[in-house]
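Computed from the coordinates by the stated procedures, all read-outs in this text should not be read as laboratory data. All values reported here derive from a predicted model rather than from experimental measurement. When we count neighbours, we look across all protein chains shown, and the Cβ atoms used for this are built from the backbone with ideal geometry, even at glycine.
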Amino acid sequence: MTDYTALGNAIKTTLQNDTWVGNNVQTIEIHKRGFSIQDEKDAQYFSKEDLPAIAVIPNSGAKQQEIQTTNEIRETVPAQIVTVNQMRNAQTGIEENLLIVKNIERILDKQKSSTNNLGIDAFVQSVSTTDEQFKKGEYYYFISTTTAQIEITIPF
């Protein structure tokens, strides 16, 4: 059975340990599936002081399982990393958002081998990002969702 708490913590720790993220992102939190930053209520979940922020959702969709050996199961779990920032200037805001996403993808791309993994017998298979933006009041809010397919080997 997948330990989503351990997976969320592994992704969060991997991101926090990167110097660039540490210097440029204010907040990294773990959220549960169903968290939607697009809802008006959830867009306010991060205060202005928290931004730019990253929300890690370790169980963002259905997992796939297959038996590897007589005592191991390989699971593929989609995890989402949602980047949120705000700016008064649209161009500056999108540039900041895309720079954060670029660095998230760089960090996760490094975790694609069993020798350089997330530290819990899990490694990243693939990474992709979708970008969105919306305006609320006098600020532009920028939201990007990076989805990582995580492969986890679980002994039983």
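Taking the C-alpha atoms only, the angle from helix 4-16 to the longest principal axis of the chain is near 60 degrees. Which pairs, out of K48/K135; K12/K135; K102/K135, put more than 18 Å between their alpha-carbon atoms? Exceeds cut-off: K12/K135; K102/K135. Around the amide H of H31, modelled in the peptide plane, lie the amide H atoms of V56, I57, all under 5 Å away and 5 or more residues distant in sequence or on another chain.
Could you tell me how far the Cα centroid of the range 121-156 sits from the Cα centroid of the range 89-116, in Å? A separation of 10 Å, based on Cα centres. Here the extension length gained between F156 and Q68 equals 30.6 nm, from 0.36 nm per residue of separation less the Cα-Cα distance.
The string of couplings for the range 85-95 from the Karplus curve (6.51, -1.76, 1.60, θ = phi - 60°) is 8, 9, 8, 6, 9, 4, 5, 4, x, 5, 5 Hz, one whole number per residue in order, with x for Gly and Pro.
A Cβ-based charge dipole, computed about the Cα centre of the chain with Lys and Arg at +1 and Asp and Glu at -1, lands at about 80 debye.
For the range 4-155, what does the relative contact order come out to in percent, with C-alpha contacts under 8 Å and a separation of six or more?
Details: 306 pairs, mean separation 35.7, N = 152.
This gives 24 percent for the range 4-155.
Taking a ≥ b ≥ c as the square roots of the Cα gyration tensor eigenvalues, the chain comes out prolate, since a/c reaches at least 1.5 and a/b is larger than b/c. With helices as the sole contributors, the chain gives -8500 deg cm²/dmol at 222 nm; each DSSP H run of n ≥ 4 counts as -39500 (n - 2.57), and the sum is divided by every residue.
Summing Lys, Arg as +1 and Asp, Glu as -1, what charge do residues with Cβ under 11 Å from the Cβ of Q64 carry, Q64 excluded?
Details: positive: K63, R74; negative: E66, E75, E151.
Overall, the nearby charge balance is -1.
The length gained by stretching the chain between N17 and D131 to full extension, at 0.36 nm per residue less their Cα-Cα distance, is 38.6 nm. Computed 3J(HN,Hα) for the range 19-31, one whole-Hz value per residue from the Karplus formula 6.51 cos²θ - 1.76 cosθ + 1.60 where θ = phi - 60°, is 4, 4, 4, x, 8, 10, 10, 7, 9, 10, 10, 9, 10, glycine and proline marked x. Backbone phi angles across the range 46-56, fed through the Karplus curve with coefficients 6.51, -1.76 and 1.60 (θ = phi - 60°), yield HN-Hα couplings of 8, 6, 4, 5, 7, 8, x, 9, 10, 10, 9 Hz in residue order; Gly and Pro are listed as x.
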